[in-house]
Amino acid sequence: MGHILPLNLTVEKMSDIDLEKNFVKKPVIFGKQNYYPVFAKRIDKFKDFLFSELIDVNNIDDFVMGGVTTSWLIAIAILDYSDNEFYKAEMVTLIKENWDEENFKNFLNYIKNEQPFIEYFK
């Protein structure tokens, strides 16, 4: 299966330290959205950070493209690039506890045709 979110190869080649340093720069070098897939691939190191970003109200309310929010991009990146099933299950719990019902319903509608993703929410 191909990935939903593209992986920026320049960002992927960065060390963990460079990822963290560049992500906090304003504006973020290469854009925030390009870091989430890399953070998700390295979720063992960045789980707490990703989960914090996932439930941050600013990201939940930050529409980046149509109805897609930054939090959705984070969730999709984790589903798309992480191999850790436990973290994915933990992410689903966080989403259910922290996103409002309408946002959650819209997210499920958005990913409904991605069978491997939607399975985590059943």
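The values are calculated or read from the model by the stated rules, or taken from the named source; none is laboratory data. Bear in mind the structure is a predicted one, so any value in this text is a computation, not a measurement. Cβ atoms come from the backbone with ideal geometry, glycine included; neighbour counts cover every protein chain shown.
Say whether the condition of being touching a Phe, Trp or Tyr at 6+ places or on another chain (Cβ under 7 Å) and either free of Cβ contacts under 8 Å to residues at least 24 places away in the same chain or loosely packed, with under 11 Cβ neighbours inside 10 Å (or both) is met by at least one residue in the stretch 110-122. No, the stretch 110-122 contains no residue that is touching a Phe, Trp or Tyr at 6+ places or on another chain (Cβ under 7 Å) and either free of Cβ contacts under 8 Å to residues at least 24 places away in the same chain or loosely packed, with under 11 Cβ neighbours inside 10 Å (or both). Restricting to the stretch 4-47, name every residue that is more than 20 Å from residue 78 (Cβ to Cβ), basic (Lys, Arg) and not in a helix (DSSP H, G or I). Residues satisfying the conditions are 13, 25, 26. Can you confirm whether the stretch 69-87 contains a residue that is surrounded by fewer than 18 Cβ atoms within 10 Å (Cβ to Cβ), hydroxyl-bearing (Ser, Thr, Tyr) and under 24 Å from residue 32 (Cα atoms)? Yes, that holds for at least one residue.
The condition of being crowded, with 17+ Cβ neighbours inside 10 Å and either modelled with pLDDT of 95 or more or of a type in the set (A, V, I, L, M) (or both) holds for only one of 1, 14, 65, that being 14. Filter the stretch 48-59 down to the residues that are acidic (Asp, Glu) and part of a helix (DSSP H, G or I), then identify the one that is surrounded by the fewest Cβ atoms within 10 Å (Cβ to Cβ). Among them, the one singled out is 48.
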